[in-house]
Each structure stands twice: as C-alpha cells, then as structure tokens.
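*Asks:* Before we start, here is the structure in question, set down as structure tokens.
The values are calculated or read from the model by the stated rules, or taken from the named source; none is laboratory data. Just so you know, these numbers come straight off a predicted model, no measurement behind them. Positions of Cβ are generated from backbone atoms using ideal geometry, with glycine treated the same way; all protein chains shown enter the neighbour counts. Keep in mind that these areas ignore ligands, DNA and RNA; they rest on the heavy atoms of the full protein, side chains included. Shrake-Rupley method; radii C 1.70, N 1.55, O 1.52, S 1.80 Å.
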Amino acid sequence: MTDDRDTAAMGFAGRVFRWLGSPTGRACLALALVLLVGFVFHADGAFYKAGTHRDALRQTSVYGILAAGMTLVIVTGGIDLAVGSVLALVSVCFATLTIHWGWSAWAAVPLALLIGALCGGASGLAVASWRVQPFIATLAMMALARGLAKYASGGMKVSTAVQEVDGAYRYVAVPAVFRAIDTRILGDNVPVVTAIFAVCFGLAWLALARHRWGRQLYAIGGNEEAARLSGLPVVGAKFAAYVASGLFAAVAGICQAAQEQQGDPEAGAGYELLAIAMVVVGGTSLMGGRGGLGLTLIGILTIGYLEKILSINAVPEAGRLMLTGVIILAAVLTQKRGR
Amino acid sequence: MKRMVCLAGLVAGWMVAGCGKPVEQAAPATPAAPRAAKATYTIGMSQCNLGEPWRVQMNADIKAAAEPHPELKVVFKDAQNDTLRQRAHVEEFVSAGVDLIIISPKEAQPLTEPVAKAYQSGIPVIVLDRAVLGDQYTCFIAADNRKIGKAAGEWIKQALGGKGKVVELKGLMTSTPGQDRHAGFLEGIAGSGIEVVFEADMKWLEPDARKEMESALARFDAIDLVYAHNDPGAHGAYLAAKAAGRDSSIRFVGIDALPQEGVAYVAQGILAASFQYPTGGQEAIATALQILKGEPVPKQIVLGSRLFTKASVAAGGEDLP
Amino acid sequence: MSFLMMHPAQTTSVLRMDGIGMRFGPVTVLDDVSFDLRAGEVHVLAGENGAGKSTLIKILAGVHRPCGGTMTLDGCAYAPAGPNDATHRGVAVVHQELSLIPAMSVADNLFLGCERTRGGWVDHASQHAAARRALAGIGLELDVTRAVESFPIGVRQMIEIGKALAHEARVLVMDEPTSALNAQEAEQLFALVALLKGRGCGLVYITHKMEEIERLADRITVLRDGRRVGTAPRAELPMERLVEWMVGREVGERFPRHAPHAGEELLRLTGFSVFSGGRSARPTVDGVSLTVRRGEIVGLGGLQGSGGSELMGGLFGAYGARTSGTAAVRGRAARFTAPRQAIRAGLAYVTNDRKASGLVLDQTIVFNATLADLPRLSPFGWRRPRAERAAAREATQPLQLRADSLDMSVGALSGGNQQKVVVAKWLRLGPDLLLLDEPTRGIDVGAKRELYSLLNAWTARGMGILMITSEMPELLAMSDRIVVLHRGRATATLTAAEATAERVLAAAMGQGGASRVTEATQS
C-alpha cells in the first residue's frame, strides 16, 4: 500500500497522517479518544491506579475471548450469535462437573471444551454443509444452547449449595480449579483470566495471520466462489471456523463459571452482541474478507475501557447505554470514511 | 373508554380501602355456588417466566406444598415473559375447567381482564407476587419490597452503629422491586450518619455487580458495607472485594435469601445478612386449600420476611417484625 | 426539451473538455486532456486499461471533480455537482456494469431516484406510460411492469440505455456496451447507435473491439497513461496506427498464432452432460464429445448461453456430481466432483468473470497469486510470507504485470492486470490443461497481444488449452480446432483450415454438421 518513495517524500507528519487513514490508525484513534475520556474523567484518580487497568483487562477478558473466536467467523462473512448461550451451557456443565460431581479439572476442562466445540460444530455443519444462512443457523443454536443450559441446570444456578434428596442443602467447597482461574499470577499483577485471554488471542492470531487456514478464511469471506474454484476446502474451513468459535465460547464459559463460582444458565445473555461490536469497532468488515485480530484487539480494548471508565464514574445506566451506542456508531463511521 | 373509567374507579377504591391495614374481607361472593367436595382438584399455575431462579423456586415451593395433598394436581405453565402467551394460558385453564388458578402475572394491565373473566366464570383466582388491577380475583399474595428494603436499612444502621460508608448495588432501576428496595433502604437509614458513597445499577446480574464493585473499590479506600438488591449482586461484590484482598474489612448484605443462594452465602460466611423475599408458594397452596374447602380467605395477604444472619441461619432464620 | 428533434449541425461541439487534470493522492491519472464531442457523431475513446478513459468519463458524469481544466456544454460552463446534476444537464452514462436493480420492474428502474409522484405517492400509470414511450423511442417494446431480471442480458443492456435516455440526454456515454452481448444483440445495439446519432445526440463510445471502432467511429481520441495521444477522423487512422497510438510502440501482427505442437491426448470427453440447473432441468451441456491434446488450443464457439462455460465448470468439478458421461484426463477416468480433484489432476480454470469467481478483490496480489498453491507454500499448515512473496513475484514476472507493489489490492488493478493475476495463480501450479473462459474480455489490445504470445509459449511447452471466446477473429485465429456448441450440443468440429466465420456462425445457430433446425435466435 505505501510506496517507499512516497513515504520518504511525505515526511513524518505525512506518514502519521497516512497511518491515521489506515484501518489500524482509525481504530487506534477511537481507542485513544476513549482513553482520553478516562484521563479527563478520572474519578478522583481512580483511573490512574494500576488496579483499575488490571480490573478493566480482567473484566473484558471473557468478551475478548468471545470476540477472538467471533473474528474468525466474521472474516468468512458469517456471524455466530450462539456464543453467549454456549458460554452459559458450558459454565453450567463445568460447574456441575466440578462442584457437584467433584470431577478433577483435567477431566472437566476437556469435556467442557468438547461441549463448546460440538455446539460450534453443529452451527458449522448447518452453515457450511447445508448452506443455511449463518445468522439463522446460529440464531437456532443460540436458542438451543440456552435451552440445554436451562435443562442441564434445572433453571437454577449451579452453586456450591448442593441440594440433597431430602431437600436440605449441603455446602461444598469452591473447587480448586475455580480458585486457580480467578486469581492473579506474575507477582499478583496479571489475572489468570487475562492470561487465558492472551493465549486464546495469540492462538487465533497465529491461525488467522500465519496459518494456511487463515488464508482460506479470508478467501472465503472475500470471494467464496473464487476460493472454491481455486481448490480451497471451503466447507471444511468454514466448519472449522464455527468449531473454533464454539471452543472459544467454551473457554469463556469456564472463565465465567470460575469467576462467578457457579454455573448460571442465564449467563452470557447479550455477550454475542458485545463481541460482535468489539470486532466491528476494530474495523473488521461484517461482509467478510477484511480485517483481522490486531484490529479486534483494539476494538476489545476500546469497548472494555469505555465500560470501565463509565463504571468508575458511576454513570447511570441510561447514560451508559446512550454513550456506548454513540461511541460504536462513531467508531464505525470513521472507518467507513476510509473507503 | 367507559370501561377505563370504571377500572380507574375500582383501582382507586381498592387503594383507599387497602391503604390502612391488611383488608380482612370475607371471602368474595364467588359467583359459583359453594362447590361440592371433589376427590381431586386441578390447580392451574401460570408463571410469567422461569428465567429467574426466584421464580423457579416459587414453582418448586408450590410443588413442595402441594405434594402432601394427594387430592391436588397442579399444572404448571411458563409464559416465557410473554404477556399474550400468559393471557392464553389463563384462557386455556378456563376452558380446561380447572378448579383454581394461581397466576404470577407479568404485567398488571394486560392480564387484568383475562383474570377477571376467569374469576367471573366461577374459578377462584390467586394472584401471586405481582398485582392485577381492580378486584376481580379471589386473593392477592405478595411480599412488600419497600418494607424489606426498610428492614435492611434499619439492620445496616444498627450493624454499623449509625455511621459508615456504604456501596449500594441496585437492581434494574426501571423495575418496581428495584425502586422499592432502594426507597425502603433510604427510609431505613434516614437520619443516621450512613453515607452512600457509590451506587450503580447492576441489573440483578452477578457479573455486572462484580464489575461495579471493582470500580467502587478502585475509587474508595474505605468501604464498610455493601448493600445489594439481590444476593447474587452481594456475592459478586464479595468476589470483587476478595480479589482485591479487601473482603475482610467489608460486610455484604443481600436480599431474596433463596436456599441455594443467599442462605447458602450466609451459611458460608460470605454475606453478613440476607433478607428473604418469600415466593409465597406455600401460602398460595394453603390459601388454595382453604378456598377449595369453601372457607373464607382474606382479599390480600402480605407475606412476612425472614432475616438470615450468621447467628440465625442454622435455625432457619428469624422472623422480621 | 426540443433539442432531440433539432437537426444536427455537424460542426458545432456539444461538449468541450479543455486541459482536464486529475490526481488521486500522489498519482496523476489525467494530465491536460482535451476532448470535444459534436452533435450527431460517435466519438470513440480508445486506450489501454488504466489509460484514464474511465476517469475522464467519471468527470464528465459528475462522479469526480477535476483538479484542473474547464468543461462547457452547449457553450455554457459545465461543472456537475454530482451524477444527478449531470443527468439533469443532459449527460447520460451507460456503465459497463449494469446498474439496474434485477428484482424491480422496468418502469421502476427507469424512474429510480426521480419517481413521478402525485401528492407524494408514486404515480404508476404515468410512469408506465412514460417508460413505454421512452423505450419505444429506442425501438424496444416490452412489458414495463415485468421485473428486469426476467429479460435476457441483451435486452437489459437496451433497458439501461433506455434509462439513460429517459432524461432526454444530449450527450450519451457508452462504456463497453457490447461486452456482455452476443452478436445478434450487438447488432440491435448498433442500430440504436445509428438511430441516436441521426437524432443529433453526441455519443462517446468506449470499446476494446477493433471491429466496433471500424464500424461505428466518426472520430477517435486515444489516451495513454493519462495523456491524450491524439484525435483523428477514423478514415485517417488505420488500425495499425491506432494500435500503435494506444500501446505506444509497434505491436506486430494481431494474432501471433504459431504452428501447433499437438502431442499426446490430454482430455477426452465422451457424451459429457452437465446439469447445472439441477438434475430435473434440461441439461445445459448435452452429450458433448471432444478431445484436447498437448500443445493444442481448442476453441469453443457458440452464442451466449450455448453451454461452453457450463462445460468447463462441469469438467472442473464446479457443479459437483451434476454431470454425466465420461471424461478422461491423460487416459484416466476423471469425473471430478470438486475443483480440488481437478486441480490435483493438472487442470486449471480461468473463469469468464474474474471479479465474481476469479479473484478476492480486497486482497493483495500476493494473496491471490498464491491462493491455489497454498498447500505447497505452507508446509505443515504454517505459511511462509517470504516464500509466498517470492512465488508471487516469480509467477507474475513473465506476465509483465504492471503494479506499484505486490501488496496492492487486486481491486485497484486494471482489468488486464487483474486477468494476469488470475493467470499467474494457475501457472504457479504448472497445469497440463488450461481452461480459459473469455480470457480477453475487458482487457486492452496490448494485454491481449501479450496473452496470445503466452498461449503460444505454453502450448509450445506442451500445455493443452481449451478456450471460449465470443470474439470471432480471436476464435478463428488462435484455435487449432474449433468445437461449436448450440444449446449445449456440439454442432460442428472444424479444423483451423476449415473454419470460417460463416461456418462457425451457422453451426452456432444450430445448422452445424448435425444440422438441427434453428431455434437459437430467441434469447
């Protein structure tokens, strides 16, 4: 895109200006604006405390994990509305396995991941093989997974209070794996959840930017027919994208359960929309074929920090919703300008 | 239009009458004659949604209360937060000829007429938790959120010795329970030195409560107590404080006291107190039995609340005055 | 406006553009270009892709605003504020890509954006009458309430022109109007051009087809690299000279086809049918038999929709299992049900629509050129960007791809260069059998000439080529053998010596060797 000679001639200011015109530059601009709001409204200095930023990252980690998986799907020109429900289903199952049945984490985590992958696989099968529109297929999975979550939990939260046959409650200890996930490492500085997010994000980035599969996803999103005629495994690659999204939702579900110390069948409602917003605010096109995880990371931070800043300033709910809407619209509009 | 005026009049009348004290009216002249004793009675239960654990608990309570009575058969329907579906459920109960309807309506206005029609067709109706307009029903059973909020405020005032810094995590402020628990609380702490330093809407959700609490912790070094409008909210706040290593210096108070939530948290020492918001399931079945036997019942029953603290949880809590 | 009825005065300029300049960022696309158009003339605007023709047209149509220069329309200053303004001033443009909305009716399309209303409501009766009148004016009589998509592509092109003229244009711009039309439909269009010309309308006509220039042009202006090379009446500009102006150098003969080097048999189709519309519908390719040998170019002739593209798609596995009959590649049975199998067997397929099915337009040249070769370039699944770049460079270099950098998005390239990227993608794989569907559609003379040379080089190396082209001279000159299709059936197989335009056309109309009754003429 940038021609070397041109760039040299333009000088520093010109280069900065050009960078601001690029998708990355625009996304960063939105993030910078949000951070600026934080510096102005710092809530008696709360914004300058390291703990605030640590918490902001921890809070946004679950969304971030969902958004990373969502990016893989959106790049193919699809969408996965089921992630919030899959998160709930996995959190319920994981809590049941570890709290009520006393399974070890080594058995419970793989099974939880498998459940997520199966849900994603079902969506993927419908979209890739049966050519159901992604919106419809994942909308169905969204309802199905939510129903399964309620069925598996009997509509109640799966907590450390276990009901016995006679109706009395027995209290069990919070499983070690919950404690392990909901703690901080590296000198008490990095929440484990954030580390999990970083790992998930890194994996997704590697897959999309450095693996053959990532190329296939971009090609499918950019021009599915051309991809097919170029001999790419279109069905398999698409299917795998939804499986990955389900897997990531399962990871998010485990993190959610660990942080809440329970499995909530109502958890994750609306998370799919937030994850989509993060991807889009970053600048990845909902039409597919354009964007990437670097952009999504900026989107995740933008929305995550926005929430945090509104929260420390105790802005009432109505104001928060309005501001969030305005920011999303503004971020997406600046990106449209570029084309 | 005419009907609207009528309704408004009825509501006003009922409010005037109901304002004083619990109305001890004689059993309404249910249009049907006293029914002959039957071998089995079918009760239709229309729940507005089963998305909240509290409502799942309500159904469970009804089921548990009906179990010792083999003559009762309870049919449950879940309207999934859809007013029109709930209306259809009531009509289905009427055409199925159930002996009694228990309804926990989603909204007052749209369900008033279906309930009135059922009532006029001779089926006794018990309205649970949320009200309908007018007086075309047999009995209304509910707890009083404002009263519970006030009790919580008074308990907190006492626990903190009349002064301290409190964080209030509010339920959805567009819902009446949220508004009442807030207003009652303010009433309860009125005149004391208690200062609400941070308040936020956590929409009844635990993850949101945790986030808001983290913000409060970041801003204020001294917080004495967290008052959350429900137990999951209080639990979320506790998790946030624990992560910040400040859980030992803060006390947490919640509302609802469901067995597997609030009561469990109190038993585990997480919450200092939880105020029960009773489902009324048990009372509904007791009242239903009275009605089916032809005994008079009051037009309105205000449920009492129970307080669970570390000291009283083992004994099943203590009655609030 | 009574203008259309006025008698054309041959000498007056309707439109003048003087010293037009245009820059996109640092790139100068037009530099001091002047152009004038007289009433009642067809002025051909010629030049290679990327010469600046489209930009000039867009300035004329009010899409872009020029950086310099002046325009006058009928002697008045003309600086359109936007496409709508241009339309109202009487400048109409028929774009290369059809701009009609397929599901809407003809009348609604004609009045899109300037609906005739009565009290805010669309006045359908008046619109229908006006639409019928407008179309009758160009010799088109059809049911204006029917959806546009229910008409064949040729009629749609005429409707497009009708739409442009619905606003009483004095200047009409046509950008490659025949690129999607068959011979018969093109004839209709030429008749319409003559009609409009007679009415005193000034026509700017862009085309890459020499036949059309020879036939239609009154004057010709040639652009190259954003500059005007010259303007001349057609009579004073022989073809060789014109091509030289466009390319900037001598091109040599137009079709440099050398002797074939026919070797072993690569492909044999026997009774091959394709059911692209589903098993229950009539087969689009019906029992075709043909062979392609190494070093040979076999041309597929036929009118639009005669089944050539479907034959290639079916052979390549693009229609899954919806084929029947036998196909053999190098003697081995080869009924492919997925493109991947065909690619593995040494086939490559350049489709007739590079934008829709050949390229990922948003992505870079490297991305597209390496797309089909991903498995080899990413051992164990992990990509190696540096190797990809080297591969892309290696593949595009012999094709003389003109691009600032290999990281340019393909969508920003000119048509000819885009086609080169598609070809580069397939050449990376070293295919034995190359299927080319309209490989020269929408690319300029110079690029066409380069492609012909490449075809020769490849066949000399032993590649076999099956090629569809709707340009008769190209088909006749480049093919060693020609198989003519008519409604999915092969009606004639002609050697290069036997083939003449008349014989191919006759077979294409259904009067070939099998001599079937003609039924091709209706769309």
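*Asks:* Just for chain B, what percent of DSSP beta bridges are antiparallel, to the closest 5?
*Replies:* 10 percent
*Asks:* Further, regarding this structure: Just to make sure I understand: if all protein chains stay in place, what is the order of C:Val91, B:Val313 by accessible area at 1.4 Å, largest first?
*Replies:* Descending accessible area places them as B:Val313, C:Val91.
*Asks:* Moving to a separate point now. Over 29 Å, how big is the tail of the calculated P(r) for chain B, in percent of all Cα pairs?
*Replies:* I get 41 percent for the Cα pairs in chain B exceeding 29 Å.
*Asks:* How many angstrom separate the Cα center of the range C:123-194 from the Cα center of the range B:192-226?
*Replies:* Comparing the Cα centres of the range C:123-194 and the range B:192-226, I get a distance of 70 Å.
*Asks:* Here's a follow-up. With point charges of +1 on the Cβ of Lys and Arg and -1 on the Cβ of Asp and Glu, referenced to the Cα centre of chain C, which listed residue (C:Leu172, C:Pro375, C:Leu267) lies farthest in the positive direction of the dipole?
*Replies:* C:Pro375
*Asks:* A follow-up question, please. With every protein chain kept in place and ligands, DNA and RNA left out, what is the accessible area per residue of chain C? Probe 1.4 Å, answer in Å².
*Replies:* With all protein chains present, chain C gives 42 Å² per residue.
*Asks:* Once R0 is set to 30 Å, what does the formula 1/(1 + (r/R0)^6) return for the Cβ-Cβ distance between C:Ala129 and C:Ala183, expressed as a FRET efficiency to the nearest 0.05?
*Replies:* Plugging the Cβ-Cβ distance into 1/(1 + (r/R0)^6) gives 0.35.
*Asks:* Please compute the Cα-Cα pair-distance distribution of chain C with 20 Å bins starting at 0, giving whole percents from short to long.
*Replies:* 21, 52, 26, 1
*Asks:* Using a 1.4 Å probe and counting only protein heavy atoms, arrange A:Ser245, C:Ser289 so the residue with the most accessible area comes first.
*Replies:* Reading off the accessible areas and sorting them downward yields C:Ser289, A:Ser245.
*Asks:* Give me the one-decimal Kirkwood hydrodynamic radius in Å for the range A:45-337, with the sum taken over alpha-carbon pairs.
*Replies:* 19.5 Å
*Asks:* Calculate what fraction, in whole %, of the accessible area of the range A:45-337 sits on carbon and sulfur atoms when a 1.4 Å probe is rolled over the protein chains.
*Replies:* Percent of accessible area from carbon and sulfur atoms in the range A:45-337: 70.
*Asks:* Report C:Glu236's accessible area, 1.4 Å probe, all protein chains in place, as a number in Å² to the nearest 10.
*Replies:* Only protein atoms counted, so the area is about 120 Å².
*Asks:* Additional query: Ignoring ligands, DNA and RNA, please state the percent of accessible area on chain B from carbon and sulfur, probe 1.4 Å.
*Replies:* 56 percent
*Asks:* Another question about this same structure. If you roll a 1.4 angstrom probe over the protein chains with everything in place, what fraction of the accessible area of chain C belongs to carbon and sulfur, to the nearest %?
*Replies:* Carbon-and-sulfur percentage of accessible area, whole number: 50.
*Asks:* Anything over 18 Å Cα to Cα? Flag those among B:Lys63/B:Lys310; A:Lys308/B:Lys203; B:Lys147/B:Lys170; A:Lys150/B:Lys242; B:Lys38/B:Lys73, in the order listed.
*Replies:* B:Lys63/B:Lys310; A:Lys150/B:Lys242
*Asks:* Related question: Between B:Arg85 and C:Ser99, how many nm apart are label points set 7 Å from Cα along the C-beta direction?
*Replies:* 4.9 nm
*Asks:* While we're looking at this one, here's another question. Quote the total accessible area buried by chains B and A together, excluding ligands, DNA and RNA, probe 1.4 Å, nearest 100 Å².
*Replies:* That pair of chains buries around 2900 Å² in total.
*Asks:* Going Cα to Cα from C:Lys209, which lysines come in below 22 Å? Please leave out same-chain ones fewer than 8 positions away.
*Replies:* Straight-distance partners of C:Lys209: C:Lys53, C:Lys58, C:Lys197, C:Lys355, C:Lys420, C:Lys448.
*Asks:* Can I ask one more? For the charge dipole of the protein assembly as shown, defined by +1 on Lys and Arg C-beta atoms and -1 on Asp and Glu C-beta atoms about the Cα centroid, which residue among C:Pro102, C:Gly307, B:Ala79 has the Cα displaced farthest towards the positive pole?
*Replies:* After comparing all options, I get C:Gly307.
*Asks:* I've got another one for you. For the range B:145-276, count the residues as N, evaluate 2.2 N^0.38 Å, and divide the Cα radius of gyration by that value, please.
*Replies:* It is 0.91.
*Asks:* Scale the Cα Rg of the range C:244-362 by the rule-of-thumb value 2.2 N^0.38 Å and send over the ratio, two decimals.
*Replies:* The range C:244-362 yields a ratio of 1.25.
*Asks:* Output the residues of the range C:307-321 meeting this criterion: accessible area (heavy atoms, 1.4 Å probe) in the chain alone minus accessible area with all protein chains in place is 30 Å² or greater.
*Replies:* Residues of the range C:307-321 that lose at least 30 Å² of accessible area once the other chains are added: C:Ala318.
*Asks:* Now a separate question. Which order do C:Asp373, C:Asp123, B:Asp180 take when ranked by solvent-accessible area (1.4 Å probe, heavy atoms of all protein chains), largest first?
*Replies:* Accessible-area ranking of C:Asp373, C:Asp123, B:Asp180, largest first: B:Asp180, C:Asp123, C:Asp373.
*Asks:* Follow-up. Please compute the Cα-Cα pair-distance distribution of the range C:376-523 with 10 Å bins starting at 0, giving whole percents from short to long.
*Replies:* Whole-percent P(r) values from 0 Å outward: 10, 32, 28, 18, 9, 2.
*Asks:* Using Cα atoms only, what is the angle between the long axis of helix B:206-219 and the major principal axis of chain B, expressed in degrees (0 to 90) to the nearest 10?
*Replies:* 30 degrees
*Asks:* Let me ask something else about it. R0 = 60 Å: FRET efficiency of A:Leu118 with C:Lys355, Cβ-based, nearest 0.05?
*Replies:* It comes out at approximately 0.95.
*Asks:* Same structure again: Ignore the peptide's own chain and count Cβ atoms of other chains within 10 Å of each Cβ in B:231-238; give me the average, rounded.
*Replies:* 2
*Asks:* Taking every residue in A:150-157, how many Cβ atoms of other protein chains lie within 10 Å of its Cβ, on average?
*Replies:* Other-chain Cβ atoms within 10 Å of each residue's Cβ, averaged: 5.
*Asks:* Work out how far the C-alpha atoms of the range A:205-339 reach from end to end along every principal axis, then list the three figures in whole Å, largest first.
*Replies:* Principal extents (largest minus smallest coordinate, Cα): 54, 42, 22 Å.
*Asks:* May I ask you to find the residues of the range A:51-90 that are shielded by at least 40 Å² of accessible area once the whole protein assembly is considered instead of their isolated chain (probe 1.4 Å)?
*Replies:* Buried on complex formation: A:Arg58, A:Gln59.
*Asks:* Applying a 10 Å radius around every beta-carbon, put C:377-390, C:195-208, A:153-166 in order of their mean neighbour count, most first.
*Replies:* My ranking of the peptides, most packed first, is C:195-208, A:153-166, C:377-390.
*Asks:* Something else now. Once the principal axes of the Cα atoms of the protein assembly as shown are found, what is the range along each, listed largest first in whole angstroms?
*Replies:* Here the spans come out as 110, 72, 65 Å, largest first.
*Asks:* Provide the convex hull volume over Cα atoms per residue for the range A:126-250, in Å³.
*Replies:* Here the figure is 146 Å³ per residue.
*Asks:* Here's something else I'd like to know. Can you give the mean number of other chain Cβ atoms that lie within 10 Å of the Cβ atoms in peptide A:215-227?
*Replies:* Other-chain Cβ atoms within 10 Å of each residue's Cβ, averaged: 6.
*Asks:* Given the Cα-Cα distance of A:Leu111 and A:Ala143 and 0.36 nm per residue of separation, how much length would full extension add, in nm?
*Replies:* Value of the extension gain: 9.4 nm.
*Asks:* By how many degrees, 0 to 90 and rounded to 10, does the Cα axis of helix C:124-136 deviate from the longest principal axis of chain C?
*Replies:* 70 degrees
*Asks:* With r as the distance between the Cβ atoms of A:Ala173 and C:Asp85 and R0 = 56 Å, compute the FRET efficiency 1/(1 + (r/R0)^6) and round to 0.05.
*Replies:* Working from the Cβ atoms, E equals 0.15.
*Asks:* Kindly express, to the nearest 10 degrees and within the range 0 to 90, the angle between helix C:183-198's C-alpha long axis and the longest C-alpha principal axis of chain C.
*Replies:* The two axes meet at around 20 degrees.
*Asks:* In Å², rounded to the nearest 100, what is the total accessible surface buried by chains A and C against each other with a 1.4 Å probe?
*Replies:* In total, this chain pair buries about 2400 Å².
*Asks:* Under a 1.4 Å probe, what is the accessible area of chain B per residue, stated in Å²?
*Replies:* Heavy-atom SASA per residue in chain B reads 41 Å².
*Asks:* Of the candidates A:Trp101, A:Trp205, A:Trp213, which one comes out as most mobile in a Gaussian network treatment of chain A with C-alpha springs shorter than 10 Å?
*Replies:* Largest GNM mean-square fluctuation: A:Trp101.
*Asks:* Using a basic spin-label model with each label point 7 Å from the Cα along Cα→Cβ, how many nm lie between B:Glu92 and A:Ala50?
*Replies:* Output for this residue pair reads 5.9 nm.
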